[in-house]
Amino acid sequence: MELNNLKPAAGSVKRVKRIGRGQGSGRGGTSTRGHKGAQSRSGYSRTRGFEGGQMPLQRVVPKFGFKNINRVEYKAINLSTIQTLAESKKLSAVDVKALVEAGLASKNDRVKILGDGALTLKLDVKAHAFSKSAKEAIEKLEGTTEIL
């Protein structure tokens, strides 16, 4: 194989459609744009969501609801998860740092402890929020809850 023998693979290179180069080319005259109308004019650009005059979908579908800009999102973690984490790592206190190291939350998450599952260990838990049932379950075993 020599440099002068190199060719692209068969069918990989298409010929360029040369538009507006006279009638003999077969693409002269209207230059593949058809007759009249906005699309035949220079400088035409279709607006986003235009459906050829049909009522566009974003105008057909009704508006509803709103997004509360003051919403505080929490990463929910159940007592059962805290129980397994405390048993495996032999922890007496669980805080956000321990949850991040275990891969249960990311460092910028606000953590809320929920009361699903059984807790058997006495734990000191620090989080951003607690549900009533979680707080009762932790304090029933003489553990402490601290809101960050």
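The values are calculated or read from the model by the stated rules, or taken from the named source; none is laboratory data. Note that the structure is a prediction, hence the values are computed from the model and not measured. Neighbour counts run over all protein chains shown; Cβ positions are idealised from the backbone, glycine included.
Just a few scattered comments:
- Per-region count, region 98-143, residues part of a strand (DSSP E or B) and either crowded, with 16+ Cβ neighbours inside 10 Å or not assigned by TED's automatic domain parsing to the domain that holds residue 80 (or both): 9
- Taken over region 46-85, the criterion of being touching a residue at least 24 places away in the same chain (Cβ under 8 Å) and closer than 19 Å to residue 128 by Cβ is satisfied by 72, 73, 74, 75, 76, 77, 78, 79, 81, 82.
- Residue 77 vs. criteria closer than 21 Å to residue 136 by Cα and either at pLDDT 85 or above or aromatic (Phe, Trp, Tyr) (or both): yes
- When region 52-62 is limited to residues that are of a type in the set (A, V, I, L, M, F, W, C) and assigned to a loop (DSSP other than H, G, I, E, B), the one that is nearest to residue 15 (Cα to Cα) turns out to be 55.
- Among the residues making up region 63-80, a single one is part of a strand (DSSP E or B) and either of a type in the set (Val, Ile, Thr) or exposed (fewer than 10 other Cβ atoms within 10 Å of the Cβ) (or both): 77.
- Filtering 34, 43, 24, 49 for residues that are part of a helix (DSSP H, G or I), outside the structural domain of residue 129 (by TED's automatic domain parsing), of a type in the set (Gly, Ala, Ser) and farther than 30 Å from residue 143 by Cα leaves a single hit, 24.
- Verdict on residue 70 being of a type outside the set (Lys, Arg), within 30 Å of residue 112 (Cα to Cα) and either more than 41 Å from the chain's Cα centre (by Cα) or outside the structural domain of residue 128 (by TED's automatic domain parsing) (or both): yes
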